[in-house]
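The values are calculated or read from the model by the stated rules, or taken from the named source; none is laboratory data. All values reported here derive from a predicted model rather than from experimental measurement. Reconstructed Cβ throughout: ideal geometry from the backbone, glycine too, with neighbour counts over all protein chains shown.
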Amino acid sequence: MVLLDKFSWNESKLDQVLSVLWSKGEMVVPAHRVDAVGDDPDDNRILECAESANADVVVSGDRHLLRLGSYKSIPIISPRELIDRIA
């Protein structure tokens, strides 16, 4: 998992953050498959969920997704850009 590996989070911190995310999030089942990211097909799963959830924005540090800029009018922004928009 990215939070454990990339950010060196421990299991306790991960459990704490995930419990908040699960309480605020919504489970979606994508209605159809997407093939918008040829370089990294796993990233298409993110777009499928965003579309099915009618997301306002996708926040990601993934370069393949960021390179798209948007998908079906859903902006794709970096975490830094989100912070800048909120501030």
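Remark: pairs (first residue in the range 67-82, of a type in the set (D, E, K, R); second residue modelled with pLDDT of 95 or more and exposed (fewer than 14 other Cβ atoms within 10 Å of the Cβ); Cβ separation under 8 Å; 6+ apart in sequence or on different chains) are absent.
Annotation: of all residues in the range 1-14 being exposed (fewer than 10 other Cβ atoms within 10 Å of the Cβ) and at pLDDT below 85, the one that is nearest to the chain's Cα centre (by Cα) is 2. The residue list 38, 61 contains one member that is more than 23 Å from residue 6 (Cβ to Cβ) and at pLDDT below 95, which is 38.
Here is a yes/no grid of residues against (1) among the β-branched types (Val, Ile, Thr); (2) surrounded by 13 or more Cβ atoms within 10 Å (Cβ to Cβ); (3) on the phi < 0 side of the Ramachandran plot:
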site: 16; (1), (2), (3): no, no, yes
site: 23; (1), (2), (3): no, no, yes
site: 26; (1), (2), (3): no, no, yes
site: 29; (1), (2), (3): yes, no, yes
site: 49; (1), (2), (3): no, yes, yes
site: 53; (1), (2), (3): no, yes, yes
site: 71; (1), (2), (3): no, yes, yes
site: 81; (1), (2), (3): no, yes, yes
site: 87; (1), (2), (3): no, no, yes
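Across the range 14-54, the qualifying residues are those that are part of a helix (DSSP H, G or I) and touching a Leu at 6+ places or on another chain (Cβ under 8 Å), and the one among them that is farthest from residue 77 (Cα to Cα) is 14.
Return the residues of the range 55-69 that are surrounded by 11 or more Cβ atoms within 10 Å (Cβ to Cβ), in contact with a strand residue (DSSP E or B) (Cβ under 7 Å, 6 or more places away or on another chain) and part of a loop (DSSP other than H, G, I, E, B); say none if nothing qualifies. Result: 55, 57, 60.
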